[in-house]
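Worksheet for the structure shown next.
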Amino acid sequence: MKKKVLKITGITLLILLVLIIALPLFLQGKIEQIIKDKVNNSINATFNFEDASLSLLKSFPNANLELTNLSLVNKAPFEVDTLFSSGDIVLTMSIKALFKSADEPIVIQKLNVNRAKLHIKVDENENANYDIAKEGDGASAETSEASDDNFTLAMDSYSITNSEIMYHDLSSGMRLAISEMNHSGTGDLSLEKSQLK
């Protein structure tokens, strides 16, 4: 009887291990497309990344998604300017989030940004290159709220390493540069007002 129980337990664990290793290979292409579609449909800029790597082992029971060579390029009036780029970004989320469609909200629990460059620019007419959210097209408040729910930041921690921030305001002549920035914090970012440590 004991041998039978051990055999069933062993086979069950082996099947679970195979699923944990194989599932990311099947889902990776779908995840890449969902992320690109979600972001590009909600901003007036072009969001792209070179590669997405999904692992269920690194942060089990959560999923670990790593995006490499990520870029966010502005459209008019700041055409071709890169607002944001990063060597790699690592997101930690529930495994259940991997099975959601592009219309359902995805909750991100942890965010690690490495080798990022953020270039904030304001032109002479006080247009800011970070103002990339698509304007409402007169849709009802209900529709607007539903689309906002697609992005949920329930993060409990974040970190930014070896990054750079540039701020250039042509209307006032002000410039600011921060290099080799390293910062991390914890707190509930899902609230309307968040207190971070």
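When the residues of the range 33-47 are filtered to those that are open to solvent by 30 Å² or more (accessible area, probe 1.4 Å) and not in a helix (DSSP H, G or I), the one that is modelled with the highest pLDDT is T46.
The C-beta contact set for the range 168-182 (first residue farther than 15 Å from N129 by Cβ, second residue open to solvent by less than 70 Å² (accessible area, probe 1.4 Å) and among the polar types (S, T, N, Q), distance under 9 angstrom, 6+ apart or interchain) comprises I178/S163; S179/S163; E180/S163; M181/T161; M181/S163; N182/S159; N182/T161; N182/S163. When the range 67-80 is limited to residues that are open to solvent by 50 Å² or more (accessible area, probe 1.4 Å) and of a type outside the set (V, I, T), the one that is nearest to N125 (Cα to Cα) turns out to be P77.
The values are calculated or read from the model by the stated rules, or taken from the named source; none is laboratory data. Note that the structure is a prediction, hence the values are computed from the model and not measured. When we count neighbours, we look across all protein chains shown, and the Cβ atoms used for this are built from the backbone with ideal geometry, even at glycine. These accessible areas exclude ligands, DNA and RNA; they are computed on the full protein's heavy atoms, side chains included. Shrake-Rupley method; radii C 1.70, N 1.55, O 1.52, S 1.80 Å.
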